[in-house]
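Contents: one structure, followed by commentary.
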Amino acid sequence: MARPTLEVIAPTVEEAVARGLAQLGLTAADVSVEVLDAGSRGWFGLGKRQVRVRLTVHQPADASLNSTSPAAPTPVLIPQAEPLSEPASASDLQPASAPRRDPILDQTEVMLAHLVRAMGFDAQISARLDENDQPNHRCVHVDVRGRDLSALVGRRAETLNALQSIATLIVGKQSGQFVQLVVDVEGYRARREKQLRQLAKRMADQVMKTGRRIVLEPMSAAERRIIHLALRDHPSVTTESIGEEPRRKVTIRLKK
């Protein structure tokens with residue numbers, strides 16, 4: 001016998017699940033949830049599309065499923081893996097031993113997945129809070145994993161940086177707060193940071209050997225910062241950024 005299913009459309013996944021559970025008269029533990037359409041808030045609110053989810057009941061339907069007059073949607077946002085409860089404090093919605101996942105992470109993952117898919121890439125998105133995250137200055141690190149994603153990085157990470165900038169604007173617009181995103185594809189930024197640190201040390205040795213300053217190639221602000229930090233405590237050389245964006249460069253010279 002086919003298991004009963006229910007499809008629900010709502011502005012968010014949480015609200016769609018809550019509405020579906022209210023109509024079925026079940027808890028989240030009694031169903032599995034499939035996101036059929038992650039929806040879209042469009043570009044800065046334009047072209048908005050709602051979320052569509054399918055709830056599938058784990059066990060055969062009983063009399064409680066025969067609801068001809070659906071209950072009014074509850075305003076409580078119910079995480080997928082937690083039971084539906086009466087509106088109460090956050091601690092009542094989940095076991096005290098289970099840390100609550102920050103909603104900004106789910107929001108970021110859904111948005112990036114939609115954005116990357118719209119660009120023609122198939123990838124897995126994973127978001128986590130950065131160690132510098134603060135209540136008034138949200139910092140989120142996003143890992144994008146998949147196959148054949150080199151085009152998503154682009155030459156000198158131009159495509160990746162553009163994606164990061166757009167994603168930061170969208171998440172900030174959706175959440176109503178400033179969120180600093182660091183988007184990485186297949187560990188590219190970590191490898192690039194290691195390369196830049198090694199470059200900084202080699203060039204510092206060269207400056208010490210010749211006594212002449214060295215001007216590096218134009219870099220983004222983030223990459224220039226890596227060079228500055230790598231040589232910040234160097235006993236013999238100092239660094240400085242010169243020029244105008246987007247061709248601003250780092251110079252390395254002997255300390256006076």
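Would you mind telling me which numbered condition in (1) in a loop (DSSP other than H, G, I, E, B); (2) modelled with pLDDT of 65 or more; (3) of a type outside the set (A, V, I, L, M, F, W, C) R54 fails?
(1)
Out of the residues in region 7-49 that are at positive phi and touching a strand residue (DSSP E or B) at 6+ places or on another chain (Cβ under 8 Å), which is modelled with the highest pLDDT?
If we filter region 7-49 for residues that are at positive phi, which is where we start, we get 25, 39, 42, 44-45, 47.
Applying the additional criterion that residues be touching a strand residue (DSSP E or B) at 6+ places or on another chain (Cβ under 8 Å) yields 39, 42, 47.
Working: G39: 69, G42: 53, G47: 45.
Step by step, filter region 7-49, then rank; the result is G39.
Quick grid of which residues meet (1) assigned to a strand (DSSP E or B); (2) in contact with a Cys (Cβ under 8 Å, 6 or more places away or on another chain); (3) modelled with pLDDT of 90 or more; (4) in the same structural domain as E223 (by TED's automatic domain parsing):
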| position | (1), (2), (3), (4) |
| --- | --- |
| A127 | yes, no, yes, no |
| C139 | yes, no, yes, no |
| L152 | no, no, yes, no |
| L169 | no, no, yes, no |
| Q174 | no, no, no, no |
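Criterion first (modelled with pLDDT under 90 and more than 26 Å from L36 (Cβ to Cβ)) does Q134 satisfy it?
yes
For region 231-252, does any single residue satisfy the condition of being among the aliphatic types (A, V, I, L, M) and surrounded by fewer than 13 Cβ atoms within 10 Å (Cβ to Cβ)?
For region 231-252, residues among the aliphatic types (A, V, I, L, M) and surrounded by fewer than 13 Cβ atoms within 10 Å (Cβ to Cβ): present.
All but one of (1) free of Cβ contacts under 8 Å to residues at least 40 places away in the same chain; (2) in a strand (DSSP E or B); (3) in the same structural domain as V116 (by TED's automatic domain parsing) hold for T238, so report the exception by its number.
All conditions pass for T238, except number (3).
Would you confirm whether or not region 207-220 contains a residue that is touching a residue at least 60 places away in the same chain (Cβ under 8 Å) and closer than 27 Å to L254 by Cβ?
Checking region 207-220: at least one residue is touching a residue at least 60 places away in the same chain (Cβ under 8 Å) and closer than 27 Å to L254 by Cβ.
Scan region 170-187 and report the pairs whose first residue is surrounded by fewer than 19 Cβ atoms within 10 Å (Cβ to Cβ) and whose second residue is among the aromatic types (F, W, Y), with Cβ atoms within less than 8 Å and a gap of 6+ or a chain change.
Note: pairs meeting the criteria are G172/F178; K173/F44.
The values are calculated or read from the model by the stated rules, or taken from the named source; none is laboratory data. All of these numbers come straight from a predicted model, not from anything done at the bench. Neighbour counts run over all protein chains shown; Cβ positions are idealised from the backbone, glycine included.
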